[in-house]
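A.B. asks: Attaching a single structure in structure tokens format; questions to follow.
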Amino acid sequence: QFATRVVSCQAAELQPEGGGEPVRGFQVVLEDTILFPEGGGQPDDRGLIGTVPVLRVSRQGSEAIHFVQAPLEPGTEVLLSLDWERRFDHMQQHSGQHLITAIADQMFGFKTTSWELGRQRSVIELDTPSMTAEQIEVLERIVNEKIRERVPVTVRELAANDPEIETVRSRGLPADHVGPVRVIDIEGIDSNMCCGTHVSNLSDLQVIKLFGTEKGKKNKTNLVFLAGNRVLKSIRQSHSTEKALTSLLKNGPGEHVEAVKRLQSSVKQLQKNNLNLLRDMAVLIARDFKSKPVQSQLFVLHRKEGDSEFMNIIANEIGTEETLLFLTVGDEKEAGLFLLAGPVEAVKNLGPRVAELLGGKGAGKQGRFQGKATKMSQRGEVQGLLQEFIRHRNPEL
């Protein structure tokens with residue numbers, strides 16, 4: 001916590017991180033703050049001004065802007081409280097990034113070109129087209145050795161014209177930077193120009209886990225990692241998943257993969273058998289219709305299970321020169337597929353109307369119009385439309 005005073009409070013809007021409607025509130029400037037504004041690859045802090053939650057902290061020049069939803073009177077003394085759990089998480093990830101970056105450079109000459117502290121995981125962009133599994137394994141072992149050595153992490157402030165700045169690793173200062181330059185030192189390992197928050201000793205990182213690489217921008221590689229409490233959280237989640245799989249698969253963790261492979265193989269065979277049965281059923285349905293002494297000019301069929309091939313087989317077997325077919329598959333309360341088949345001109349005129357009634361989209365040619373439907377419950381209205389069309393075409397019916 002930190003006692004400070006409100007300097008200014010102005011009405012403003014905040015765009016939510018996940019998108020959506022802007023949030024109305026106020027931008028508050030304090031005499032001083034312990035809340036870190038977003039920057040340097042690190043997200044901002046959260047906390048309270050008195051009892052008012054701080055939803056965002058951003059930097060404008062040398063000022064930290066606190067966004068809140070309740071107005072605060074300028075000149076008022078307030079107690080600022082920091083969300084320590086969020087802050088410490090960011091400290092662990094950021095110091096972990098400095099350590100990984102330094103060791104990757106020393107061991108392999110891989111330079112860090114950017115990084116991102118994400119909500120679930122963090123990513124370091126390395127200036128290398130690839131990284132081997134052996135390099136990842138060695139890097140993980142070395143950074144964790146440094147954590148066990150309890151290496152101190154210290155903060156220095158240098159004057160902007162101090163020649164020592166030239167010896168410090170940096171991607172450059174912001175264009176609007178003023179005042180001293182802040183340097184983070186990991187004793188004997190790294191000196192890095194940085195505005196972010198850090199642990200005071202590598203032992204506070206607890207552990208670092210490298211989760212492998214992903215393809216980055218041209219000739220670059222993204223290294224995914226977790227540090228500290230995030231590693232413990234990941235282990236808890238993995239253990240919970242493992243317990244659930246053990247219960248479902250009725251075997252030990254070491255046998256899970258083989259059990260899933262066997263299940264996948266069984267599912268593929270069942271799907272193949274199901275498709276064959278659907279094809280056979282489609283042929284039988286069509287032949288049953290054609291075997292009747294007097295064939296209706298309209299054939300309507302709905303099945304919950306099926307696909308486009310199922311409907312087209314029926315249309316092929318029945319033939320559509322004289323008969324108008326309306327076929328649908330899918331759950332009545334959800335989305336599905338439809339096929340309208342019949343005389344070319346009839347389908348051309350009726351197809352768009354059918355799609356509209358079913359709340360879907362489709363396309364057609366050569367006497368067939370098919371597509372997706374979102375309102376399968378409207379099938380009755382479509383059937384009524386088609387019956388009315390046939391009556392107009394054949395008044396004697």
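Please treat every number below as a calculation from the coordinates, not as lab data. It should be emphasised that the depicted structure is a prediction, and the values quoted were computed from it without experimental measurement. Every residue, glycine as well, gets a Cβ built from its backbone with ideal geometry; the counts of neighbours run over all protein chains shown.
A.B. asks: Efficiency by 1/(1 + (r/R0)^6): what FRET value for residue 51 and residue 88, r their Cβ-Cβ distance, R0 = 30 Å, to the nearest 0.05?
C.D. replies: According to the calculation, E is roughly 0.85.
A.B. asks: Name the residue, out of 146, 268, 292, whose mean-square fluctuation peaks in a Gaussian network model built on the chain with Cα pairs under 10 Å.
C.D. replies: Taking springs between Cα atoms under 10 Å, the residue moving most is 292.
A.B. asks: I've got another one for you. Give me the lysines in straight-line cross-link reach of residue 272: C-alpha distance below 24 Å, same-chain residues under 8 apart excluded.
C.D. replies: In chain and number order, the partners are 261, 304, 372.
A.B. asks: Residue 38 to residue 280: extension gain in nm, 0.36 nm per residue of separation minus the Cα-Cα distance?
C.D. replies: Details: separation 242, 0.36 × 242 = 87.12 nm, distance 6.26 nm.
Value of the extension gain: 80.9 nm.
A.B. asks: Scan [x] 24.1, 92; [y] 21.8, 67; [z] 33.0, 101 for the value of Rg and Dmax of the Cα atoms in Å calculated from this model and give just the label.
C.D. replies: [z]
A.B. asks: Name the lysines eligible as straight-distance cross-link partners of residue 217: C-alpha to C-alpha under 24 Å, and not fewer than 8 places from it in the same chain.
C.D. replies: 111, 209
A.B. asks: Between residue 366 and residue 335, what FRET efficiency follows from the Cβ-Cβ distance if R0 is 22 Å, with the result rounded to 0.05?
C.D. replies: For R0 = 22 Å, the calculated efficiency reads 0.30.
A.B. asks: How large is the helix-only mean residue ellipticity at 222 nm for the chain, computed as the sum of -39500 (n - 2.57) over DSSP H runs with n ≥ 4, divided by its residue count, in deg cm²/dmol to the nearest 500?
C.D. replies: Roughly -12000 deg cm²/dmol at 222 nm, from the helical runs in the chain.
A.B. asks: Just to be sure I understand: of the beta bridges DSSP finds with both ends in the chain, what percent are antiparallel, rounded to 5?
C.D. replies: 90
A.B. asks: How much net charge surrounds residue 255 when only other residues with a Cβ under 11 Å from its Cβ are counted (Lys, Arg +1; Asp, Glu -1)?
C.D. replies: Result for the neighbourhood of residue 255: +2.
A.B. asks: How high is the FRET efficiency from residue 239 to residue 217, r the C-beta distance, R0 41 Å, rounded to 0.05?
C.D. replies: 0.70
A.B. asks: Oh, and also: Going by average Cβ neighbours within 10 Å, how do the peptides 193-202, 293-302 rank, with the highest at the top? Mind showing how you got there, number by number?
C.D. replies: Details: 193-202: 19.7, 293-302: 13.7.
So the order, starting with the most tightly packed, is 193-202, 293-302.
A.B. asks: Under a crude label model (7 Å from the Cα following the beta-carbon direction), how far is residue 156 from residue 10 in nanometres?
C.D. replies: Rounded to a tenth, the inter-label distance reads 3.8 nm.
A.B. asks: I would also like to ask the following. Do you know the relative contact order of the chain, to the nearest whole percent, from alpha carbon pairs under 8 angstrom that are 6+ apart?
C.D. replies: With pairs under 8 Å counted, the relative contact order is 10 percent.
A.B. asks: If I stretch the segment between residue 120 and residue 291 completely, what's the gain in nm (0.36 nm per residue apart, minus their alpha carbon distance), one decimal?
C.D. replies: Taking 0.36 nm per residue and subtracting the Cα distance, the gain is 55.3 nm.
A.B. asks: Given the options 387, 69, 120, state which has the largest fluctuation in a GNM of the chain using a 10 Å cut-off (strictly under) for Cα springs.
C.D. replies: Of 387, 69, 120, the most mobile in the Gaussian network model is 387.
A.B. asks: I would also like to ask the following. How high is the relative contact order of segment 281-393, given as a whole-number percent (alpha carbon pairs under 8 Å, six or more residues apart)?
C.D. replies: Relative contact order of segment 281-393: 22 percent.
A.B. asks: May I pose another question? Find out how many positive minus negative residues lie around residue 147, taking Lys and Arg as positive, Asp and Glu as negative, among other residues whose Cβ is under 15 Å from that of residue 147. Before the final figure, lay out the partial values.
C.D. replies: Working: positive: 141, 146, 148, 150, 209, 230; negative: 140, 145, 149, 187, 190, 204.
Taking every other residue near residue 147 into account, the sum is 0.
A.B. asks: Report the charge-dipole magnitude of the chain in Debye, nearest 20, computed about the Cα centre from +1 at each Lys and Arg Cβ and -1 at each Asp and Glu Cβ.
C.D. replies: Using Cβ point charges on Lys, Arg, Asp and Glu, the chain gives about 1880 debye.
A.B. asks: Further question on the same structure: In whole angstrom, note down how far apart the Cα centers of segment 221-286 and segment 55-87 are.
C.D. replies: 46
A.B. asks: Could you check which residue among 58, 95, 377 shows the biggest mean-square fluctuation in a GNM of the chain with a 10 Å Cα cutoff?
C.D. replies: Most flexible of the set in this elastic network: 377.
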